[in-house]
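As structure tokens, the structure follows; a few thoughts come after it.
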Amino acid sequence: MIDSLITNKTRIKLLLRFFLNSGARSYLRGLETEFGESTNSIRLELNRFEEAGLLVSSMDKNKKIFRANPQHPLFGDIQSIVKKSMGLDQLVEKVVHKLGNVSRAYITGRIARGLDDQEIDFVLVGDEIDKTFLETLLEKVEKLIKRKVKCFILRDEEEKEYLTGFPEALLLWEK
């Protein structure tokens, strides 16, 4: 969906990388490896984003580390557009509010790291969640967002231990 608005593929990948999970940090060579693209096109877009104030950078030894600038006036708007383009708003709206006693919802995996993927790893924390209804909702959401959704259900006491394996876990919703 976002690719109909923005046609530059490198720019889209950078928006996803830095604005889907605002805690994401990366450097040029790391992005080259992740994206499988030349450093020239990535560097050009990083410089444009930094000049516009959308990204900020810092030095770590000889690496220039980039991250999203949450102080930018458009930060929230861009993050919202990116999340909507991934279908995350629909996932939360259609699933979390209708399932019972859900306390938190997370995204893990590639998308939580800010990388595009056709599969969303969705984690629900709570109890008394109607699993049959969840399966029905997920089928509908998958058709709506055109992505596969794998859902994991955890009890509150399992959350911390499970999420230690996913340091990039992105909290989408909290009661």
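No lab work stands behind these numbers, since they all come straight from the coordinates. Quick caveat: nothing in here was measured; it's all calculated off a predicted structure. As a convention, Cβ positions derive from the backbone with ideal geometry for all residues, glycine included, and neighbour counts pool all protein chains shown.
Quick notes
- Region 87-174: relative contact order in percent, alpha carbon pairs under 8 Å with at least 6 residues between: 40 percent
- LEU172 long-range amide H proximity, modeled H, under 5 Å: ALA105, TYR106, ILE107
- Among THR132, THR39, THR10, a tally of other beta-carbon atoms within 10 Å of each Cβ gives an order, fewest to most, of THR132, THR39, THR10.
- Between LYS160 and LEU44, full extension at 0.36 nm per residue minus the direct alpha carbon distance yields a gain of 37.8 nm.
- Net charge over other residues, Cβ less than 9 angstrom from the Cβ of ARG104 (K, R count +1; D, E count -1): -2
- Rounded to 5, percent antiparallel among DSSP beta bridges of region 87-174: 60 percent
- Coil-residue trypsin sites (Lys or Arg not before Pro) of region 15-63, DSSP, other Cβ within 10 Å capped at 14: LYS61
- Convex hull of region 87-174 built on C-alpha atoms - directionally averaged projected area, nm²: 5.0 nm²
- Of all DSSP beta bridges confined to the chain, the antiparallel ones make up roughly 75%.
- Percentage relative contact order, the chain, counting C-alpha pairs under 8 Å, at least six apart: 22 percent
- Going from the residue with the fewest nearby Cβ atoms within 10 Å to the one with the most, VAL92, VAL102, VAL125 rank VAL92, VAL102, VAL125.
- Charges were assigned to the Cβ only: +1 to each Lys and Arg, -1 to each Asp and Glu. The resulting dipole of region 26-175 about its Cα centre is roughly 400 debye.
- Residue exposure sequence - SER85, SER80, SER58 - by fewest surrounding Cβ within 10 Å: SER58, SER80, SER85
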